[in-house]
Structure formats: structure tokens, C-alpha cells
Amino acid sequence: GNSVTQMEGPVTLSEEAFLTINCTYTATGYPSLFWYVQYPGEGLQLLLKATKADDKGSNKGFEATYRKETTSFHLEKGSVQVSDSAVYFCALRGGSARQLTFGSGTQLTVLP
Amino acid sequence: GAGVSQSPSNKVTEKGKDVELRCDPISGHTALYWYRQRLGQGLEFLIYFQGNSAPDKSGLPSDRFSAERTGESVSTLTIQRTQQEDSAVYLCASSPSNRAANTEAFFGQGTRLTVV
């Protein structure tokens, strides 16, 4: 079955630091990959996605590249802000499964 | 426009009681999902509905859990004889269609259930 393994947190960074949150996956075929973000007090919302190998999803300064050879979809941002403090979830959908399969989430705290 | 709406936002119930959680999807969305998020853990799939097709119930953890959806409208998740391990945030999501793997799912803010 499908599974997502995500870097455990919590992660605490200073403002303007570089961010990487690792995500690897197991799936049959060619899944679509997603990063969702949950800001404090809000529901999950899509941050970015990629649908085929070597695609790069990007939004709000965040990027992630679909790497089929390493089955990875690591989230990166060159310079984080306090407002990026949130929980980040890596997810996939593919194969015969119609539901999204999520990682365990990574809590990010950015200090001023 | 309105997003996915869930009610109640918080529910405290006594062990052994039944609870009903409600989800109003985005209008026109044919696919609807329920997930459970235990404290400090990822999202656990429970059930999904696609239009008038038979729902995928493969994620329901026990026969105490059930869900209904009429057509493409409101869904209710019912937990009978609640146990303390049922305490979690229950999330609902909807999407325009489930048929494409790259379709985004839109989430509600969840119902926080506490069983005491």
C-alpha cells in the first residue's frame, strides 16, 4: 500500500534561515505528491503539488521537486519567516487508492 | 465562497455515549473524505464518498464508526459507544472529483472530540 515517511519535528529555526523538511514515499505506479500546511487555528490547506517525475511545485517561496529515483519530495524554503510557523504535511495519492495518504506532520516554529 | 464547514467545532462526551459529527462540503464537490488526527500524529483515513457510488469504508477502525452522505450534500460521521481512544480531531475534506490523482482536497477546520 501507499505510505509517506516524513521528517520528525519539531523544527525550530531563526528568521531567514534555510528550511528543509524531508519526505519519502512508497507507492505503486506514479502518484501525485502534495504538501499541505496547517497554520495555528486553521484547517489544512494545499501548499504545493507535483504530478509527475521531475516536476517542481512552488508557492509562497516554498519548493519541492518530485524525485522518482529517490522516491522523495522534500520541502525547501530559502529564507523562512515567522509567519511560516505551522505544521507541514507531506501527502500522496496514487495507484488504486483514491484517498490522500499523509505523513505524520512536522511542526515548524520560526523565531524572530 | 464558503469552504468546507464542520460542526460542532468541539465536542466533549462521556465514555459510552454516541456522537454525530457533521460536514458540509463545498457546493458541487462530488468527493468527500473523513480523516482522524490523533494528537501528534498524521491524518488517518476513515472513509470516502464519490457521488452516488458505494463509499470506501476501508479505513473505519471498528463497527462503532459509520458515516452517511446523501448525494453530494452533507455527510455525518457517527461514533457509537465512544471510547477514550476515540479522542481526536476529525477532519472532513471535499474535492471536485476523486478521479484524477492530482485533484486537490479542501479541508474543514475539524471537530475536536474529547471522550471523558
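Computed from the coordinates by the stated procedures, all read-outs in this text should not be read as laboratory data. Bear in mind that the values here come from a model prediction, so they are computed numbers and not experimental data. Every residue, glycine as well, gets a Cβ built from its backbone with ideal geometry; the counts of neighbours run over all protein chains shown.
Please work out which residue is farthest from the chain's Cα centre (by Cα), limiting yourself to the stretch A:81-112 and to residues that are closer than 18 Å to A:Leu46 by Cα and away from chain B (no Cβ under 14 Å).
The qualifying residue farthest from the chain's Cα centre (by Cα) is A:Ser83.
Among the residues of the stretch B:27-39, write down those that are surrounded by 15 or more Cβ atoms within 10 Å (Cβ to Cβ) and either of a type in the set (Asp, Glu) or more than 14 Å from the chain's Cα centre (by Cα) (or both).
B:His29, B:Thr30
Just one of the numbered conditions (1) away from every other protein chain (no Cβ under 13 Å); (2) without any contact (Cβ under 8 Å) to a residue 24 or more places away in the chain is not true of B:Val115; which one?
(2)
Please enumerate the residues belonging to the stretch A:23-59 that are closer than 20 Å to B:Gln41 by Cβ and surrounded by fewer than 16 Cβ atoms within 10 Å (Cβ to Cβ).
A:Thr26, A:Tyr39, A:Pro40, A:Gly41, A:Glu42, A:Gln45
A:Ala53 passes all but one of (1) in contact with a Ser or Thr (Cβ under 8 Å, 6 or more places away or on another chain); (2) more than 26 Å from B:Ala2 (Cβ to Cβ); which number fails?
(1)
Might you let me know whether the stretch A:7-29 holds any residue that is within 8 Å of chain B (Cβ to nearest Cβ) and under 14 Å from the mean Cα position of the chain (by Cα)?
Taking every residue of the stretch A:7-29 in turn, none turns out to be within 8 Å of chain B (Cβ to nearest Cβ) and under 14 Å from the mean Cα position of the chain (by Cα).
Pick from the stretch A:53-80 the residues that are among the polar types (S, T, N, Q) and either in a strand (DSSP E or B) or free of Cβ contacts under 8 Å to residues at least 12 places away in the same chain (or both): which of them is nearest to the other protein chains (Cβ to nearest Cβ)?
Out of the qualifying residues, it is A:Asn59.
Take the residues in the stretch A:81-94 that are in a strand (DSSP E or B) and of a type in the set (Gly, Ala, Ser); name whichever of them is surrounded by the most Cβ atoms within 10 Å (Cβ to Cβ).
Result: A:Ala91.
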